[in-house]
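Engineer: The following block contains the structure, expressed as structure tokens.
The values are calculated or read from the model by the stated rules, or taken from the named source; none is laboratory data. A quick note: this is a predicted structure, and the numbers were derived from the prediction, not measured. Reconstructed Cβ throughout: ideal geometry from the backbone, glycine too, with neighbour counts over all protein chains shown. Surface accessibility is based on the protein's heavy atoms, side chains included, excluding ligands, DNA and RNA. Shrake-Rupley method; radii C 1.70, N 1.55, O 1.52, S 1.80 Å.
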Amino acid sequence: MHRFFVEPDQIAEAAIVISGEDFKHITKVLRLGKDDVIEVCDGRGTDYQVALNSPGDQAVSGKIIKQYPSRGETPELVITLFQGLPKGTKMEVIIQKAVELGVYEVVPFSSLRAISQIKDKQDKKIERWQRIAYEAAKQSKRGMIPAIRLPQTLKEILKQVDDYDLMILAYEDENMLTLKAALEAFENSQSADKPLKIGVIIGPEGGFDPQEVTACKAAGVVSVTLGQRILRTETAGMVVLSQLNFWK
């Protein structure tokens with residue numbers, strides 16, 4: 001069943017109205033029409049089965065047949081991926097896979113060894129990355145569309161540490177603390193009556209400068225090793241997200 005997201009204000013009583021690019025996709029690409037059934041999500045964790053009416057010139061409406069909670073979310077975890085800016089198109093792959101693995105939001109950041117930089121925070125890359133997140137959320141049947149935030153610096157990220165229950169730094173030179181051990185220690189200190197807000201910091205291709213790691217630890221970030229092998233920046237975040245999914 002084809003899936004689309006709508007804003008809550010597009011839902012009125014027992015009907016849903018779809019316009020814009022999704023309207024074009026439904027009518028011009030998929031060639032769906034009267035009585036065809038699609039799945040629609042309100043981006044807030046509720047899905048709808050909708051039987052389409054005949055399309056108009058600019059929009060198509062549909063009757064809600066069924067309403068049910070989205071199955072694509074993990075309510076126990078709210079995960080932010082802080083991703084060091086990689087070169088080329090790697091960020092597109094990272095965003096796509098992170099959305100599939102349940103991330104809540106992705107925050108690109110610059111650091112001392114980052115090869116790529118976004119000089120203008122309104123760079124068109126952000127718009128493209130958000131579209132990739134949207135398509136990945138549709139494909140993986142997420143109950144919300146993860147946000148791709150404006151780029152930050154590592155210093156700006158460290159000012160937010162207290163906003164998280166746990167913030168993890170994947171560091172290639174960490175030799176002692178594994179992610180499993182860090183999660184076990186954290187779990188023993190937490191109550192289970194609320195969603196856990198976790199930040200994951202992944203460096204760029206060049207890794208982290210030692211002084212950046214020192215600053216992270218001083219701010220309360222937990223440095224962990226992901227094993228004996230050195231992972232690429234586009235792999236490391238996916239490993240952490242996968243293990244967090246297994247953990248919860």
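Engineer: Based solely on its DSSP helices, what 222 nm [θ] is calculated for the chain when runs of n ≥ 4 H residues each add -39,500 (n - 2.57) and the sum is averaged over all residues, nearest 500 deg cm²/dmol?
Structural biologist: -8500 deg cm²/dmol
Engineer: Taking H as built 1.01 Å from N, whose amide H comes closer than 5 Å to the amide H of F109, not counting residues under 5 places away?
Structural biologist: Result for F109 returns Q83, G84, L85, Q152.
Engineer: Given A136, T178, A14, which one lies farthest toward the positive end of the charge dipole of the chain, if we put +1 on the Cβ of every Lys and Arg and -1 on the Cβ of every Asp and Glu?
Structural biologist: It is A136.
Engineer: Which is the longest stretch in the chain that no exposed loop site breaks, taking sites as GluC sites (Glu not before Pro) with a DSSP loop state and at most 12 other Cβ atoms within 10 Å?
Structural biologist: The answer is 77-248.
Engineer: Related question: Quick one: which residues, 5+ away or cross-chain, put their amide H under 5 Å from the amide H of D209? H built at 1.01 Å from N.
Structural biologist: L112, R113
Engineer: Please list M238, M91, M176 from largest to smallest accessible area, probe radius 1.4 Å, with all protein chains kept in place.
Structural biologist: From most accessible down to least: M176, M238, M91.
Engineer: Report in % the part of the accessible area of the stretch 137-248 that belongs to carbon and sulfur, leaving out ligands and nucleic acids; probe 1.4 Å.
Structural biologist: About 51 percent, which is the carbon plus sulfur part of the accessible surface.
Engineer: Here are labelled values, (1) 18.8; (2) 19.6; (3) 22.9, and one is the computed Kirkwood radius over Cα pairs in Å for what I pasted. Which one?
Structural biologist: Checked against the structure: label (2).
Engineer: Suppose all protein chains stay in the model; what accessible area per residue would a 1.4 Å probe give for the chain, in Å²?
Structural biologist: 53
Engineer: For the chain, what does the relative contact order come out to in percent, with C-alpha contacts under 8 Å and a separation of six or more?
Structural biologist: 20
Engineer: Counting only protein heavy atoms and a 1.4 Å probe, tell me what percentage of the stretch 40-110's accessible area is made up of carbon and sulfur.
Structural biologist: 46
Engineer: I79: accessible area at probe 1.4 Å, nearest 10 Å²?
Structural biologist: 10
Engineer: How large is the charge dipole for the stretch 1-127, taken about the Cα centre, if only the Cβ atoms of Lys, Arg (+1) and Asp, Glu (-1) carry charge, to the nearest 20 debye?
Structural biologist: Its charge dipole is roughly 600 debye.
Engineer: Relative to the Cα centre, what is the charge dipole magnitude of the chain, using +1 at the beta carbon of each Lys and Arg, -1 at the beta carbon of each Asp and Glu, and rounding to the nearest 20 debye?
Structural biologist: 580
Engineer: Using DSSP to call loops (not H, G, I, E or B), can you name the trypsin sites (Lys or Arg not before Pro) in the stretch 124-183 whose Cβ has at most 13 other Cβ atoms within 10 angstrom?
Structural biologist: Passing sites in the stretch 124-183 are K159.
Engineer: If you plug each phi of the stretch 212-218 into the Karplus form 6.51 cos²θ - 1.76 cosθ + 1.60 with θ = phi - 60°, what whole-Hz ³J(HN,Hα) values come out, in order, with x for Gly and Pro?
Structural biologist: 5, 5, 4, 5, 4, 5, 5
Engineer: Under a 1.4 angstrom probe, counting protein chains only, how are D165, D173, D42 ranked by accessible area, largest first?
Structural biologist: Result of the area sort, largest leading: D173, D165, D42.
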